[in-house]
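These notes concern the structure reproduced below.
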Amino acid sequence: MAPPRLRTAVRAIILDPADRILLVRFSFESRIVWACPGGGLEDGEADATAIRRELDEEVGLTSFELGPCVWTREHVIPLFGGRWDGQRERFYLVRAPAFEPQPRFTTEELAAENMVGMGWWTPAELHGADATFAPRLLPELVTELLANGPPASPIDAGV
């Protein structure tokens, strides 16, 4: 059996001065998932370049402090009509001022990527939500990150 074809992607854990996290809402056929913004690397693209491009496209953020990679995640689920068998992700800490997201992409371009909304969440809202997050342990991971700062090396965030 051939190994799964995994797309390499980067995501941003965007925290504002009040420690709110900006999440994007994805709508798939059978579920709604809230996740950190980001996306796949283009050929030869460095992680930092991809993060800056993705945040500009998806949320309109161009000025921010890029921190370390703090989490990793690998999940196997068909993506983009079966073009990929899953995704391998690296999550980077991003500190930014509070802002109102204004994506550079149009609503139609975002919808083509299943992105249908976005919003700021406090840690308490994460823990109290009846929502599906990716990674599933996002509320606990954010709480740990805020309490203890970035880990010495990236931790596996699970599925």
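The values are calculated or read from the model by the stated rules, or taken from the named source; none is laboratory data. Only a predicted model underlies this, so the values are computations on that prediction, with no experimental measurement involved. Neighbour counts are summed over all protein chains in view; Cβ atoms, including those assigned to glycine, are modelled from backbone coordinates with ideal geometry. Keep in mind that these areas ignore ligands, DNA and RNA; they rest on the heavy atoms of the full protein, side chains included. Shrake-Rupley method; radii C 1.70, N 1.55, O 1.52, S 1.80 Å.
What's the longest piece of the chain with no exposed trypsin sites (Lys or Arg not before Pro), counting a site as exposed if DSSP puts it in a loop and it has at most 16 other beta carbons within 10 Å?
Looking at the chain, 32-82 is the longest stretch - no exposed trypsin sites (Lys or Arg not before Pro) with at most 16 other Cβ atoms within 10 Å.
Report the percentage of all Cα-Cα pairs in region 1-96 whose separation exceeds 18 Å, rounded to a whole percent.
48
Find the all-direction average of the projected area of the Cα convex hull for region 19-159, expressing the result in square nanometres with one decimal place.
Projected area, direction-averaged: 8.6 nm².
Once neighbouring chains are kept in place and the probe is 1.4 Å, which whole percent of the accessible area of the chain is contributed by carbon and sulfur?
Roughly 52 percent, rounded to a whole number.
I'd like to check one number: the per residue accessible area of region 1-157, probe 1.4 Å, reported in Å² as a whole number.
52
Where does the Debye-calculated log10 I(q)/I(0) of region 89-159 sit at q = 0.11, 0.15 Å⁻¹, using only Cα point scatterers of equal weight, no solvent?
Those come out to -0.36, -0.68, one per q.
Using 0.36 nm per residue of separation minus the Cα-Cα distance, give me the extension gain between Glu45 and Leu137 in nm, one decimal.
Length gained between Glu45 and Leu137: 30.3 nm.
Counting DSSP beta bridges in the chain, what percent are antiparallel, to the nearest 5?
Details: 24 of 38 bridges.
Antiparallel bridges make up about 65 percent of those DSSP assigns within the chain.
May I ask you to derive the relative contact order of the chain, considering only C-alpha pairs under 8 Å and at least 6 residues apart, and to give it as an integer percent? Could you put the intermediate results ahead of the total?
Details: 301 pairs, mean separation 50.3, N = 159.
It rounds to 32 percent for the chain.
Between region 1-30 and region 109-138, how far is it from one alpha carbon centroid to the other, in angstrom?
9
Report the local net charge at Glu89: Lys and Arg +1, Asp and Glu -1, summed over other residues whose C-beta lies under 10 Å from its C-beta.
+4
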